[in-house]
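**Q** The structure that follows is given in the form of structure tokens.
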Amino acid sequence: MQEILDRILVDIQPYFGMGEVADYIPELAKVNPKSFAMTVETIDGKSYSCGEFDQKFSIQSISKVFVLSMAMELLQDQLWERVGREPSGTAFNSLVQLETEQGIPRNPFINAGALVTTDTIIQHFSNPYKEILSFVQNLSQNFDIQFDKRVALSEFQNSDRNSALAHFMKSFGNIESDPMTLLDVYFHHCSIAMTTQDLAKSFLFLANGGVNPPTGESIVSKLKAKRVNSLMLTSGLYDNVGDFAYRVGLPAKSGVGGGIVAVLPGEFSVAVWSPELNLSGNSLVGTKALELFTSYTEKSIF
């Protein structure tokens, strides 16, 4: 496995410079676009990495998987009365479908859907910031993981589109919290800073039937783990999800910070980070690295 990662590190070099860093969030624009890291964590405790795997980065929309997992435990099937389970076919921050679909987002991984799942956390906990952060720290077993407050502030100062989403859904009665409070919690969990090692470890529960291998703790049921994985496969890469499934063949979730994390149920999780994005907002080099990974290992769900 280590030889494969080292090979990928060489083979992805020609792809640098083909994408663009997310400059609509000023703090993210400051990241070195040539950065790259990749980590594989197996459910039996093995770890393999290459590149800048000890460098923290803002996970952005990858945090939506954590919040969804929490919301599914809190609301069970009632959650699906407020958010759908279908691919959107539109950009992650689009308002287009909300008007015709009565304020119900297509899935939990577009921004509108994640605002709904975040709203459920706020309604159930007096300190949603602490609950979300503790959930992530426990999964990764790294209790030094924190919010990147500069990134969170930068997002809040450039939040016109997300603010519109929150207010629009509230007009349909699908948001219960104060929109400004909701946006603050949402931007904070998107700002969480992790390494690829942290990120891969934190997704092991989805590769292991809902059980976190380092602790043996059941995070979600086996059925819920299957359903989260299915949603990642169909909606985790926004309007690029079909091409990603075609090229990589793993359930995955991306973030505009350049991270992508994927799982092969029963075997491993793999996280990659490279800040240059393709037109859909997914890491261009990271996608190629994962395509090479499943090709070289011959491991995917297909």
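Quick note: the coordinates plus some simple rules give every number you see, no bench work behind them. This structure is a prediction, so every number in the text was calculated from the model and none was measured. Glycine gets a Cβ as well: all are built from the backbone with ideal geometry, and neighbour counts include every protein chain shown.
**Q** Using label points projected 7 Å from each Cα along Cα→Cβ, tell me how many nm separate HIS124 and ASP160, to one decimal.
**A** About 3.5 nm, to one decimal.
**Q** Are there chymotrypsin sites (Phe, Trp or Tyr not before Pro) in region 118-153 that DSSP marks as loop and that have at most 13 other Cβ atoms within 10 Å, and which are they?
**A** Hits after loop and neighbour filter: PHE143.
**Q** Among the lysines, select those whose C-alpha is under 18 Å from the C-alpha of LYS30, and discard any that sit fewer than 8 residues away in the same chain.
**A** LYS56, LYS149
**Q** Something else: Taking 8 Å as the Cα distance limit and 6 or more residues as the minimum spacing, I'd like the relative contact order of region 2-297 as a percentage.
**A** It comes to 28 percent, rounded to a whole number.
**Q** Enumerate the aspartates and glutamates that LYS224 could reach by cross-link, defined here as Cα to Cα under 14 Å, with residues fewer than 8 away along the same chain left out.
**A** GLU73, ASP77
**Q** Going by C-beta contacts inside 10 Å, put TRP273, TRP80 in order with the fewest on the left.
**A** TRP80, TRP273
**Q** Then there's this: Using all Cα-Cα distances in region 114-263, what percent lands in each 10 angstrom bin from 0 up to the longest?
**A** 11, 34, 41, 15, 0
**Q** Could you sort out which of LYS253/LYS288; LYS46/LYS130; LYS170/LYS226; LYS170/LYS253 sit more than 20 Å apart by Cα distance in this structure?
**A** Beyond 20 Å: LYS46/LYS130; LYS170/LYS226; LYS170/LYS253.
**Q** Another question, if that's okay. Pop out the Kirkwood hydrodynamic radius of region 88-191 from its pairwise C-alpha distances, inverse of mean 1/r, in Å to one decimal.
**A** One decimal place: 14.2 Å for the Kirkwood radius.
**Q** Let me ask another. Report the GluC sites (Glu not before Pro) located in region 135-239 that are in a DSSP loop and have at most 13 other Cβ atoms inside 10 Å of their Cβ, or state none. All intermediate terms of the calculation are to be shown ahead of the outcome.
**A** On the way: sites: GLU155, GLU176, GLU217; in loops: GLU176.
Those satisfying the criteria are GLU176.
**Q** Can you sort THR100, THR297, THR195 so the residue with the fewest Cβ neighbours within 10 Å comes first? Write out the running numbers ahead of the final one.
**A** Numbers: THR100 6, THR297 15, THR195 23.
By the 10 Å Cβ count, ascending: THR100, THR297, THR195.
**Q** Under the Karplus relation 6.51 cos²θ - 1.76 cosθ + 1.60, θ = phi - 60°, what is the ordered set of whole-Hz ³J(HN,Hα) values for region 200-206, x standing for Gly and Pro?
**A** My calculation for region 200-206 gives 4, 5, 5, 9, 4, 4, 7 Hz in order.
**Q** Determine the shape class of region 46-87: with a ≥ b ≥ c the square roots of the Cα gyration tensor eigenvalues, call it rounded for a/c under 1.5, and otherwise prolate if a/b is greater than b/c, oblate otherwise.
**A** Judged from the Cα gyration tensor, region 46-87 comes out prolate (a/c at least 1.5, a/b above b/c).
**Q** Quick one: compute a quarter of the convex hull surface over the Cα atoms of region 26-156 and quote it in nm². Could the numbers behind the result be given before it?
**A** Working: hull surface 40.5 nm².
Averaging across all directions leaves 10.1 nm² for the Cα convex hull.
**Q** What are the GluC sites (Glu not before Pro) within region 226-296 that DSSP puts in a loop, where the Cβ has at most 16 other Cβ atoms within 10 Å?
**A** GLU267
**Q** Shifting gears a bit: Taking 1 over the mean of 1/r across every pair of different Cα atoms in region 153-207, what Kirkwood radius in Å do you get?
**A** Taking every pair of different Cα atoms in region 153-207, averaging 1/r and inverting gives 13.0 Å.
**Q** Also: Between region 240-282 and region 103-141, what is the C-alpha centre distance in whole Å?
**A** Here the answer is 20 Å between Cα centres.
**Q** Right, another one. Restricting things to alpha carbons, tell me how big the chain is in terms of Rg and Dmax, in Å.
**A** Answer for the chain, Rg first and Dmax second: 17.6, 54 Å.
**Q** Would you list LEU9, LEU206 from fewest to most Cβ contacts within 10 Å? Before the final figure, lay out each step's value.
**A** On the way: LEU9 15, LEU206 27.
By the 10 Å Cβ count, ascending: LEU9, LEU206.
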